[in-house]
Amino acid sequence: MTIFTSVTVANYVKKACLLVFLIGFFGTVSAKEHHFFVLNYHDILTAEDARRSVDKMDVGVEHLEEHLGWLKNKGYKIVSVQNVLDAAAGKDSLPDKAALLTFDDGYQSFYTRVFPLLKKYHYPATVALVGTWMDGNVTADDPGKPLLSWEQVREMVQSGLVEVASHSYDLHKGVNANPQANSQAAAVTRLYDDPMLVYETDEQYRERIHTALLKSAEFIFQHVGVRPRVMVWPYGEYNQIAVQASREAGMPITMRLDDGSNTLADISTLRRLIMVDNPDVKQFADIVTGLRANRSLRVAHLDMDYLYDKDPKQTEHNLDAVVQRIKDMHINTVYLQAYADPDGDGNADALYFPNRHLPVKQDLFSRVAWQLKTVARVKVYAWMPIMAYQGNLPESWYVQEWRDGKAQKSSHIYTRLSPFNPEARQYVAEIYEDLAKYCSFDGILFHDDGILSDYEDVSPLALAYAKEAWGLPDQFEQLHSTSAMRMAWAQHKTELINQFTDELASRVRTYRPDIKTARNFYALPLLKPYSEEWYAQSFTSFLAHYDYVAIEAMPFMEEAENPKQWLTQLVKTAAKEPDGLKKTVFELQSVDWKTQQKIPMPVFIEQLELLKKLGVSHIGYYPDNVFEDQPRLVDLQQHFSLPILP
């Protein structure tokens, strides 16, 4: 057995760092030439056992062989980790239609059922091992299934067909993530110390992850004699801190669980297509050719303020009711309020997560989002203001408007921090960072507060920026003098706010790299583009900046004389833009706020069916009210639910 010393570690890490550099350099240069995908499997059972299994990730061996046969017949080439590294370093190139095979958790079925198929087809594959499981340590996440022996692992490695990856030593488990004791992925979760009522610090978290990944790499080396070059993230959960720790531990390639293909520029965090529900060959073909892309969204928009109660027991009762309702809807997305707005003015008075700036109404967002994700099986977007934050902050930080012949704090209902103020931008960015550190979620919905009228922002910083960065006048009278000047000013402001939200998303992605973005959008700038000067919003620019544009398709709010005609025009106008329907969520209203009355269900259903008839893919509504069954669940199940897909 090779003796493991600090010198060998140092030398190995130096080589790994050089490899990372080469990967980054060559991968960036030639990324467009090398597209490939990664398939992910777990336990492989007999056909009969797979049919009876309640584990969604179990796949029958007959189906697996059909998958491999389909790949061969369609001209796919199964490549190894070494092939990918060689291509990334510029030593070779990947073939067209390249694919990697990966198998997680180190089940004994990999030796008894998968390895014979690898030898039959002469296909390479990667198996990811969990250290504590291989050590025989029973944990809450231990699958209780037969695992590989080290003798079997060494035999397969010596065959040249099998790459051994780390699936961590002891991170394949949940840890206490919040005061409600939700257990969440250890690799990305800040530990909550219940007796002390505090979270793990940044330094404590970094040290824990760094130590864990070094231990994982050393553990495999001691048992197999080769060092792992690949880190497979437990549950697919990772962040940039963990990726850096993996590099430092000698594993420059990491793998997540996220649908899509890859280029060589992506190999620090490869996407993988996980096989669930034991797909037959037709379903497998659909997954591989479609990459599960372009699936329709059905979105319920939830107010956390509805769920919160001063009595924690009542809050839990409310949460149980909401989660069951969302689960029964058979939808796939929830926009969940992460800030407290009890007076309904759209401004954040407090937050539902730990943060360094605003009061915490209750540390609740983490709990609600996790229950929705794990029980109702939906993607959760954190609904957050861009600029509308209340607080004891300097007046100079806020948007100013021209009123009564002078610049003064804006009278708009949204009390917005100025995106031109660096200190205000940093303040908001730190709030978003804290959200990402302490909560698990899938996306951000940017609130509709991101607007600046044709009288805003005239704060000194905003006017100076207009002159220095955009070459515009720094006097309001000149900025407002002509329609052309007002539109030029508005278009620059539109882009500035968009760039600010890009910055906020980037801050979040340090901790939650795979989040999607959506932004609320008023209907008028779409129907009448010249109104951009009143809002600083543009449908075309939103499509360029966000994964989804959540347009407020609310004819009663807009006082449309003919709601059906208005909705039809809205959809047809959106469809004129490239990706206009592909990237737009049309959000209906379930309440008429002008009359404070529920939208009658026949009317709601009529509008819903009209959107579908017009070719709309993504549909949502606001608000959902579990206590009044609005919109009515039985109607949502009939008209709003999605089919179950693998």
* So who's got an amide H within less than 5 Å of the one on residue 418, skipping anything under 5 residues away but keeping other chains? H placed 1.01 Å off N, in plane. -> 398, 399
* Structure fact -> Dividing the surface of the Cα convex hull of the chain by four yields a projected area in nm² of 31.3
* 18 Å reach of a label modelled at residue 356, 7 Å along Cα-to-Cβ, counting backbone N of segment 403-432 -> 422-432
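Restricting attention to segment 112-207, which trypsin sites (Lys or Arg not before Pro) occupy a DSSP loop and are surrounded by at most 12 other Cβ atoms within 10 Å?
none
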* Nitroxide proxy distance, nm - points 7 Å out along Cα→Cβ at residue 51 and residue 305 -> 5.4
* To do: Sort 357, 63, 618, 492 so that the residue with the fewest other Cβ atoms within 10 Å of its own Cβ comes first and the one with the most comes last.
  => 357, 492, 63, 618
* Can you give me the relative contact order of the chain as a percent, contacts being Cα pairs under 8 Å and 6 or more apart? -> 11
* Mind checking the full-extension length gain between residue 576 and residue 108? Use 0.36 nm per residue of separation minus the Cα-Cα distance, one decimal, nm. => 163.1 nm
* Of the trypsin sites (Lys or Arg not before Pro) in segment 288-332, those whose Cβ has at most 10 other Cβ within 10 Å and which sit in DSSP loop -> 310
* Asked: Near residue 273, within a Cβ-to-Cβ distance under 12 Å, what is the net charge of the other residues, with Lys and Arg +1 and Asp and Glu -1?
  -> +1
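Normalised by the number of residues in segment 476-534, what is the relative contact order in percent for Cα pairs under 8 Å and 6+ residues apart? Provide the component values of the computation, followed by the final result.
Details: 20 pairs, mean separation 25.6, N = 59.
After rounding, I find 43 percent.
So between residue 392 and residue 197, what do we pick up on full extension, going 0.36 nm a residue minus the alpha carbon distance?
Here the segment from residue 392 to residue 197 would lengthen by 67.6 nm.
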* 222 nm [θ] for the chain, helices only, -39500 (n - 2.57) per DSSP H run of 4+, per residue, to 500? -> -12000 deg cm²/dmol
* Structure fact -> Restricted to the chain, the DSSP antiparallel beta bridge percent, nearest 5, is 25
* **Gain upon complete extension [residue 603, residue 568; 0.36 nm per residue less C-alpha separation]** => 11.1 nm
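What are the trypsin sites (Lys or Arg not before Pro) within segment 539-646 that DSSP puts in a loop, where the Cβ has at most 12 other Cβ atoms within 10 Å?
Working: sites: 564, 572, 576, 582, 583, 594, 598, 612, 613, 632; in loops: 576, 582, 583, 594, 632.
When the trypsin sites (Lys or Arg not before Pro) of segment 539-646 are filtered for loop state and at most 12 Cβ neighbours within 10 Å, 576, 594 remain.
Rounded, prolate or oblate: which one fits segment 489-549, using the alpha carbon gyration tensor with axes a ≥ b ≥ c (rounded when a/c is under 1.5, else prolate when a/b beats b/c, else oblate)?
On the way: a/c = 3.51, a/b = 1.95, b/c = 1.80.
Prolate, since a/c reaches 1.5 and a/b exceeds b/c.
Is segment 255-321 rounded, prolate or oblate when judged by the Cα gyration tensor, a ≥ b ≥ c being the square roots of its eigenvalues, rounded requiring a/c under 1.5 and prolate requiring a/b larger than b/c? It would help to have the intermediate numbers written out before the result.
Details: a/c = 3.05, a/b = 2.22, b/c = 1.38.
Prolate shape, in that a/c is at least 1.5 and a/b is the bigger ratio.
How many percent of all Cα-Cα pairs in segment 33-145 sit more than 24 Å apart? Let's see the in-between values first.
On the way: 2091 of 6328 pairs.
Tail of the P(r) past 24 Å holds 33 percent of the pairs.
No value in this document is a laboratory result; all are computed from the given coordinates. All values reported here derive from a predicted model rather than from experimental measurement. With ideal geometry, Cβ positions are generated from the backbone for all residues, glycine too; neighbour counts draw on all protein chains shown.
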